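Please read the structure below before turning to the comments.
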Amino acid sequence: MFAPRTCFALALLGACILCGEVRAARNDWAEGTPGQPNGATRDYYNRAGLLAWKNYLGDWRDAKNVAQGNAAYATTTLEDDDTARSVEWDVTALVREWVEGRFPNQGMLLRGVEGQGSHHFRSRQWSGADEHPRLVVTTPQGTQSLAPQADTYLEPSTYRSQGHSETLKVAMKSSPALLRFDLAEIPAGTQITKAVLRLHTFAQYGGPMVVGVFRCAQGHDVPEQAPRLGLAAKYSHDRGIERDPDVIFAARFESEDWSDAWTYAAGSLEPVAADPKHRFEPLQGRALRVKMAEGSNGAMNVTYKFMKETGREPEEIYFRYYLRLADDWRQTLEGGKMPGVSGTYGIAGWGGRRSDGTDGWSARGAYSHTISEDNPLAGTTPIGTYCYHADQPGTYGDIWLWQQGYRGFLENNCWYCVEQFVKLNTPGKRDGVIRAWIDGRPAFEKTDVRFRHVEKLKIEQIWMNVYHGGKRPSPHDQHMFVDNVVVATTYIGPMKTSPSPRGRGG
């Protein structure tokens with residue numbers, strides 16, 4: 001159905017042919033950016049993407065492939081003698097598993113398995129390269145001494161990442177250290193004669209400790225699957241889809257009077273067939289260019305109100321649109337809002353007007369900061385749901401990023417099919433549903449939402465909203481493109497005929 005996005009697909013293998021850069025896989029832990037809490041922390045393996053560990057202070061597998069197990073691949077006893085020296089672990093068995101392809105190389109996790117206190121080591125950021133961590137791998141072809149691709153440690157006393165510290169720390173019952181080495185230059189199946197992890201310890205506190213090496217095993221990957229097809233599969237290029245009995249509303253942006261089909265339309269909006277400055281390539285004829293101008297917050301505010309247009313308000317709905325983030329899309333200051341659905345009735349459920357379950361709710365889309373270049377998900381913008389609901393703990397709504405299969409992390413200059421499903425809860429029950437698909441593949445599901453306490457609250461409108469913030473305005477001009485909106489009572493899915501790989505930014 002869809003051609004793969006070349007850079008992102010190859011990043012899974014650790015390299016990008018287009019740019020020649022060696023990259024981490026998208027499910028690897030992040031080292032982080034200096035001065036920012038966006039790397040691996042006690043709670044997240046990638047805080048920039050709000051990708052959480054399944055277990056506090058890290059996820060690992062032991063030598064028996066047991067999750068959070070205690071059978072280390074290798075151990076070394078570290079003495080508390082205030083002596084700076086090199087220490088080693090024989091990690092031959094672990095490196096063999098990686099090179100043989102038995103498990104993905106997601107890095108090593110070092111943790112205390114016996115003893116007390118803490119031990120400190122030089123990290124790859126230390127000024128003296130001769131004391132940096134090394135992985136020494138011997139094969140029949142010779143010996144290689146590898147520097148770490150990334151290293152860090154997890155500190156329970158702070159939410160901040162430690163990836164750019166000059167120190168690695170291992171403390172008993174806390175503070176595991178993480179190291180990742182790039183093994184791409186060792187061909188799969190190569191015989192590993194020996195592999196030794198070497199660290200330089202410079203400080204020890206609290207007594208001797210046995211430190212074990214384990215295999216990092218974090219991630220939100222799901223098995224790859226074919227796109228789920230829906231009613232759109234019956235209509236080539238969506239032609240005639242508006243006549244389907246399950247379709248309530250369909251809109252393209254081919255004419256200058258496109259807004260007449262909507263209940264309300266405002267913003268910096270223009271249908272365009274070409275825009276080479278922003279690397280636009282058509283999905284199908286014209287698309288709606290949305291401009292988020294420097295110094296402004298609002299970019300798009302377009303609504304389709306069910307009562308006015310159809311005479312009734314539904315309690316569940318499918319909403320699909322195609323989205324392309326332009327070449328200048330970079331969220332450096334704040335996140336913001338994206339298209340979704342709502343029932344605010346001008347009373348509550350947006351803008352800090354908290355819902356009490358009787359006056360309003362909303363489930364707009366959301367976007368977060370574009371992820372920095374030193375991250376396994378570099379250059380992508382996380383999207384999700386920004387929801388005002390009856391059980392929200394604060395004044396403002398909750399943000400739930402679409403993390404399943406990493407599908408809600410969008411690249412610039414690619415067309416995406418974005419579909420959302422909202423089903424309101426039974427008053428008094430937490431059985432409301434939000435689902436999302438990217439290109440016909442599941443990206444998010446939540447089935448315990450309480451939008452309302454009263455039946456009078458329905459789905460009032462489709463809310464095509466693009467907004468910067470929060471309160472702070474956009475620091476520069478940036479754009480997106482929207483096309484082929486469909487609203488229906490059943491699952492819609494991607495178009496039968498998809499754009500070319502070139503049109504998807506490949």
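The values are calculated or read from the model by the stated rules, or taken from the named source; none is laboratory data. Just so you know, these numbers come straight off a predicted model, no measurement behind them. Backbone-built Cβ (ideal geometry, glycine too); neighbour counts: all protein chains shown.
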### Message
I'd like to check something: does the stretch 260-277 contain any residue that is over 25 Å from TRP350 (Cβ atoms), crowded, with 17+ Cβ neighbours inside 10 Å, in contact (Cβ under 8 Å) with a residue 12 or more places away in the chain and not hydroxyl-bearing (Ser, Thr, Tyr)?
### Response
yes
### Query
Among the residues of the stretch 398-420, is any more than 20 Å from ASN38 (Cα to Cα), more than 20 Å from the chain's Cα centre (by Cα) and assigned by TED's automatic domain parsing to the domain that holds ARG452?
no
### Task
Give the residues of the stretch 218-247 that are outside any loop (DSSP other than H, G, I, E, B) and either surrounded by 14 or more Cβ atoms within 10 Å (Cβ to Cβ) or of a type in the set (A, V, I, L, M) (or both), sorted by residue number.
LEU231, ALA232, ALA233, HIS237, ASP238, ILE241, GLU242, VAL247
### Task
Go through the stretch 106-122 residue by residue and tally those that are closer than 21 Å to LEU94 by Cα and of a type outside the set (D, E, K, R).
7
### Query
Would the stretch 182-192 turn up any residue that is closer than 23 Å to ALA48 by Cβ and touching a residue at least 12 places away in the same chain (Cβ under 8 Å)?
yes
### Message
With crowded, with 19+ Cβ neighbours inside 10 Å and out of contact with any helix residue (DSSP H, G or I) (no Cβ under 9 Å at 6 or more places or on another chain) as the only criterion, which of THR381, THR426, THR447, THR395 stands out?
### Response
THR381
### Query
Does the stretch 153-176 contain at least one residue that is surrounded by fewer than 16 Cβ atoms within 10 Å (Cβ to Cβ), hydrophobic (A, V, I, L, M, F, W, C) and touching a Ser or Thr at 6+ places or on another chain (Cβ under 8 Å)?
no
### Message
I'd like the full set of residues that are among the polar types (S, T, N, Q), in contact with a strand residue (DSSP E or B) (Cβ under 8 Å, 6 or more places away or on another chain) and farther than 21 Å from TRP463 by Cα, limited to the stretch 356-381.
### Response
THR370, ASN375, THR380
### Among the residues listed as PHE253, PHE249, the single one being outside the structural domain of TYR73 (by TED's automatic domain parsing) and in contact with a Phe, Trp or Tyr (Cβ under 7 Å, 6 or more places away or on another chain)
PHE249
### Message
Quick check on this structure: which one of GLY360, GLY295, GLY343 is crowded, with 23+ Cβ neighbours inside 10 Å, in contact (Cβ under 8 Å) with a residue 60 or more places away in the chain and over 25 Å from ALA250 (Cα atoms)?
### Response
GLY360
## Note on the structure
Exception for PRO37 within (1) in a loop (DSSP other than H, G, I, E, B); (2) surrounded by 17 or more Cβ atoms within 10 Å (Cβ to Cβ); (3) at pLDDT 75 or above falls at (2)
### Query
Out of the stretch 284-299, which residues are of a type outside the set (Lys, Arg), at pLDDT 95 or above and in contact with an Asp or Glu (Cβ under 9 Å, 6 or more places away or on another chain)?
ALA287, LEU288, VAL290, MET292, ALA293, GLU294
### Query
Checking LEU94 against (1) at pLDDT below 95; (2) part of a helix (DSSP H, G or I), which single condition isn't satisfied?
(1)
### Summary
The correct count of residues that are assigned to a strand (DSSP E or B) and either farther than 30 Å from PRO276 by Cα or modelled with pLDDT under 95 (or both) in the stretch 306-355 is 8
### Task
Kindly provide the set of residues from the stretch 77-113 that are closer than 25 Å to PRO140 by Cα and among the basic types (Lys, Arg), ordered by number.
ARG96, ARG102
### Summary
Per the filter on the stretch 40-63, residues among the hydrophobic types (A, V, I, L, M, F, W, C), under 15 Å from the mean Cα position of the chain (by Cα) and in a strand (DSSP E or B) are LEU51, ALA52
### Task
Select from the stretch 114-134 the residues that are in a strand (DSSP E or B) and either within 27 Å of the chain's Cα centre (by Cα) or crowded, with 16+ Cβ neighbours inside 10 Å (or both) and list them in ascending order.
GLY115, SER118, HIS119, HIS120, PHE121, ARG122, ARG134
